[in-house]
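Enquirer: This structure is in structure tokens; I'll ask about it shortly.
Taken together, the values in this text are just the output of simple stated rules run on the coordinates, not laboratory data. Nothing here was measured: the structure is a model prediction, and the numbers come from that model. Using ideal geometry, Cβ is built from the backbone for each residue, glycine included, and neighbour counts are taken over all protein chains shown.
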Amino acid sequence: MYCIRKVTNDLLWIGGNDRQTPKFEAAHPVPRGMSYNSYLLLDEKTVLFDTVDRAVQTQFFENLEQALHGRKLDYVFVHHMEPDHAATLGDLMIRYPEARIVCNGKSVNMIRQFHCADPNHAILVNEGDTISTGRHTFTFANAPMVHWPEVMVSYDSTDKILFSADAFGTFGALNGVLFADELDFDRDWLDEARRYYTNIVGKYGPQVAALLKKAAGLDIQMICPLHGPVWRKDLGYILDKYSKWAAYEPEEQGVLIAFASIYGGTETAAAILACRLSELGIRTEMYDVSVTHYSYVLSDCFKYSHIVFASPTFNNGIFDPMEHLLRDLLHHNLQNRKVALIQNGSWAPASGKLMTQVLCEMKNMELLQEPITLKSALAPGQEKELEELAQVLAASVKGEASTPVQEPAADKPKGFVCKICGFIYESDTLPPDFVCPICRRPASDFEPVT
Ligand SMILES: Cc1cc2nc3c(=O)[nH]c(=O)nc-3n(C[C@H](O)[C@H](O)[C@H](O)COP(=O)(O)O)c2cc1C
């Protein structure tokens, strides 16, 4: 049986919700499920905006058939070839062979790779190209690395709708709700939207910023993402979140304590520090990184301005769950945070030095003081060190002067950023004949990284 919602008078949501698969892309737990959005426009021509994940294909094909109501499918706009949106494209091409796929050149290659098939009569579109479907006119813009290289978005200049691919998506199934204004997004959905953004797209802040710059030049009244609710009101709210996330700016002035502990010594120190911070009126969150999935901790590392990492030494290294978190933060480009460390070891504590080394590989991570060292457990009198650390953190959170003992961040990256797609060429000079490997724009479209 079909399950459809109306987006506008001639646009339908025909996607599906998966509430059974425990992990999105085999990595991220999705306890509230996942929506795979697909939209169908019933203009003079019919247009399908992306397909769906295999998990919801039965529902999707029933929806599509019902929504078309005997009409021919004219176009399929492929914004993103990742299989959570394009897994059913191969089946679609067999069921609706007359439909013309509209995509960019990179997507055609991926269609061949994923589906071992050449799309019949594909219409290749480039940046700024337009297609009219009758009442509606669509303009295409590339959004490379948001979060795959072939990603593009389309803008319906008639109804002022941005079809934004993965941008503005979120974890979580749509349980009857379609629009963000039908729910309390800030209270119930923001954390999952942040966890989706930071884990899936967080690495590509400059590319997201480039897309936001393009979007700023458009009159957008509605955003239709490929996951999560549609935005038709208060768009500034989600655009503001995105510009903060893309710039690696914290949303909350407060402290996140991420600790790992085998026997409890490090955990006790982390708990005492959290008490002192709370007494000083500092918003504090804490996670045991051995217990809480790293995707949640990573998300909160993007949220908070200050982070304390506390870990035992393990075989002369960092305890594995903490090492995994730190590497994950590095790979997701987390930057611009103020940090403190607690290390523990029963004979040769080394995790402090090793955690510092990982932080040194990240950009603009400011270590507020030398690591606190525990030898197995807090020694009598060491509560004082935690109290002092709480004061240093509190002063920094409140923006009071504090002198960093160390500046571990490497030099800021030198280079040139493509104004069109956000690609960064890391070098002191940019060759005059340089061409962007992502969007093929010339050197004149690059500007120095600031
Ligand atoms: C497998 C294993 C390897 C360890 N390796 C080291 C080490 O290389 N150096 C060290 O000083 N302590 C090492 N330790 C000891 C712990 O780091 C130490 O007991 C620490 O206090 C544990 O903190 P916790 O109470 O928060 O779990 C190791 C412990 C385990 C279980």
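Enquirer: Taking neighbour Cβ counts within 10 Å as the exposure measure, how do Lys244, Lys45 sort from fewest upward?
Expert: Lys244, Lys45
Enquirer: Pairing the Cα long axis of helix 351-361 with the longest principal axis of the chain, what angle in degrees results, from 0 to 90 and rounded to the nearest 10?
Expert: 40 degrees
Enquirer: Quick check for you: which residues of segment 151-190 have the amide N under 13 Å from the point 7 Å beyond the Cα of Gln20 toward its beta carbon?
Expert: Within reach of a label on Gln20, which here means backbone N under 13 Å from a point 7 Å along Cα→Cβ, segment 151-190 contributes nothing.
Enquirer: Moving on to the next point. Classify segment 5-246: rounded, prolate or oblate, from the alpha-carbon gyration tensor (a ≥ b ≥ c, eigenvalue square roots; a/c under 1.5 rounded; otherwise prolate if a/b is larger than b/c)?
Expert: rounded
Enquirer: If you don't mind, there's one more thing I want to ask. Which one, Ile262, Ile123, Ile307, has the greatest fluctuation when you compute a Gaussian network model over the chain with C-alpha springs under 10 angstrom?
Expert: Ile262
Enquirer: Follow-up question, since we're still on this one. Calculate the length of the line joining the C-alpha centroid of segment 66-90 to that of segment 221-294, in whole Å.
Expert: The distance from the Cα centre of segment 66-90 to that of segment 221-294 comes to 36 Å.
Enquirer: If you project the alpha carbons of segment 82-225 onto their three principal axes, what span does each projection cover, largest first, in Å?
Expert: Rounded to whole Å, the extents work out to 46, 33, 30 Å.
Enquirer: Calculate one ³J(HN,Hα) per residue across segment 435-445 by plugging θ = phi - 60° into the Karplus curve 6.51 cos²θ - 1.76 cosθ + 1.60, and present them in order as whole Hz with x for glycine and proline.
Expert: 10, 4, x, 8, 10, 6, 7, x, 4, 5, 8
Enquirer: Ranked highest first by average number of other Cβ atoms within 10 Å, how do 378-385, 94-101 line up?
Expert: Packing order, densest peptide first, comes out as 94-101, 378-385.
Enquirer: While we're on this one: DSSP beta bridges in the chain, what fraction antiparallel, as a percent rounded to 5?
Expert: Of those bridges, close to 50 percent are antiparallel.
Enquirer: Within a 10 angstrom radius of the beta carbon, how do Trp13, Trp189, Trp148 rank from fewest other beta carbons to most? Walk me through the intermediate numbers first.
Expert: On the way: Trp13 23, Trp189 20, Trp148 17.
In increasing order of surrounding Cβ atoms, one gets Trp148, Trp189, Trp13.
Enquirer: For segment 411-450, which semi-axes, largest first and in whole Å, follow from the square roots of 5 times the eigenvalues of its Cα gyration tensor?
Expert: Three semi-axes, in Å: 16, 11, 8.
Enquirer: Another question, then. What is the Cα coordinate range of segment 262-350 on the first, second and third principal axes, sorted by size from largest, in whole angstrom?
Expert: For segment 262-350, the Cα spread along each principal axis is 35, 33, 22 Å.
Enquirer: Just to be sure I understand the model, the point goes 7 Å from the Cα along the line to the Cβ. What's the resulting Asp240 to Glu370 distance in nm?
Expert: Inter-label distance under the simple model: 4.3 nm.
Enquirer: Over segment 77-152, how many percent of alpha carbon pairs lie in each 10 Å bin up to the one with the longest distance?
Expert: 19, 53, 27, 1
Enquirer: Expressed as an acute angle from 0 to 90° and rounded to the nearest 10, what is the orientation of the C-alpha long axis of helix 205-216 relative to the principal long axis of the chain?
Expert: 50 degrees
Enquirer: Next question, about the same structure. For the chain, what is Rg from Cα atoms divided by 2.2 N^0.38 Å, rounded to two decimals?
Expert: 1.08
Enquirer: A further question on this structure: Given H placed 1.01 Å from N in the peptide plane, which residues other than close sequence neighbours of Val7 have an amide H under 5 Å from its amide H?
Expert: Amide H neighbours of Val7, under 5 Å, 5+ apart: Leu12, Trp13.
Enquirer: In addition: Report, to the nearest 10°, how far helix 383-397 tilts away from the longest principal axis of the Cα atoms in the chain, using its own Cα long axis and a range of 0 to 90°.
Expert: Taking the Cα atoms of the chain, the angle to 383-397 is about 40 degrees.
Enquirer: Grab the DSSP H runs of the chain that are 4 residues or longer, score each as -39,500 (n - 2.57), total them, divide by all residues and round the 222 nm result to the nearest 500 deg cm²/dmol.
Expert: Counting only the DSSP helices, I get -8500 deg cm²/dmol.
Enquirer: Using DSSP to call loops (not H, G, I, E or B), can you name the chymotrypsin sites (Phe, Trp or Tyr not before Pro) in segment 303-386 whose Cβ has at most 13 other Cβ atoms within 10 angstrom?
Expert: Numbers: sites: Tyr304, Phe309, Phe314, Phe319, Trp347; in loops: Phe319, Trp347.
Answer in residue order: Trp347.
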